[in-house]
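The values are calculated or read from the model by the stated rules, or taken from the named source; none is laboratory data. Worth saying up front: this structure is predicted, and the values here are computed from it rather than measured. Quick reminder, even Gly has a Cβ in these numbers, built from the backbone with ideal geometry, and neighbours come from all protein chains shown.
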């Protein structure tokens, strides 16, 4: 497989887009190779179904400029029951694609699956660098240079921000691809996502932008201290 610059990981199709679509668009337009991994197909979502969610994700991918999207098809709301399998499979994907940066959900979130993925990815990033871990599978050990956590439903003061002002209309277009999740349609039910959720995301990223001296910014928390070059 070709190497990736960024591998963004979420529990469900739309997680990565909520927290990091702008940053991924910026990276892709700079020529970076970006991939997304969804651990589940979101089969238990209150609105929409798996087929439609996959169609929405494919539409979002075109706008994002990602070169590859993966879906492990692990059980929605059942990730803790398959935790070891999930870690193993994420390790293999990291070793195959060798991303420089991995993105994962922040570890505190109202949705337990997002918290599970945060823990799974952290362990996988660590295990991927252990030479004797799953050595029989044939992919050499590799540890990404940076693990960053993006925000979905919660937020803290970010350690890293990306100026996404120039692409913010594109991010909103990406999120609107997921109409089954963010719009009340005939036959759908009200959820937190249909109650001003996109406005909440925009408010958060206006706040991060204000703190950074730009209009819009996406925020991230680093899993480890990082080196500030050219001090």
| field | Candidates 47, 71, filtered to the one that is surrounded by fewer than 21 Cβ atoms within 10 Å (Cβ to Cβ) and closer than 28 Å to residue 185 by Cα | value | 71
| query | Conditions: (1) within 24 Å of residue 181 (Cα to Cα); (2) in contact with a helix residue (DSSP H, G or I) (Cβ under 6 Å, 6 or more places away or on another chain). Residue 70 meets all but one. Number of the miss? | reply | (2)
| request: Inspect the range 124-131 for any residue being within 23 Å of residue 64 (Cα to Cα), more than 17 Å from the chain's Cα centre (by Cα), outside any loop (DSSP other than H, G, I, E, B) and modelled with pLDDT of 95 or more and give the result as yes or no. | output: no
| Which residue out of 4, 103 is in contact with a strand residue (DSSP E or B) (Cβ under 6 Å, 6 or more places away or on another chain), crowded, with 24+ Cβ neighbours inside 10 Å, in contact (Cβ under 8 Å) with a residue 12 or more places away in the chain and part of a loop (DSSP other than H, G, I, E, B)? | 4
| What are the residues in the range 25-56 that are farther than 23 Å from residue 3 by Cβ, part of a helix (DSSP H, G or I) and either touching a helix residue (DSSP H, G or I) at 6+ places or on another chain (Cβ under 9 Å) or without any contact (Cβ under 8 Å) to a residue 12 or more places away in the chain (or both), if any? | 50, 51, 52, 53, 55, 56
| Can you spot a residue in the range 147-167 that is surrounded by fewer than 19 Cβ atoms within 10 Å (Cβ to Cβ) and in contact with a strand residue (DSSP E or B) (Cβ under 6 Å, 6 or more places away or on another chain)? | yes
| Does the range 57-66 contain at least one residue that is in contact with a helix residue (DSSP H, G or I) (Cβ under 9 Å, 6 or more places away or on another chain), more than 20 Å from residue 146 (Cα to Cα) and not in a helix (DSSP H, G or I)? | yes
| Matching residues in the range 168-179 - criterion: being over 11 Å from residue 18 (Cβ atoms) and buried (at least 21 other Cβ atoms within 10 Å of the Cβ) | 168, 177
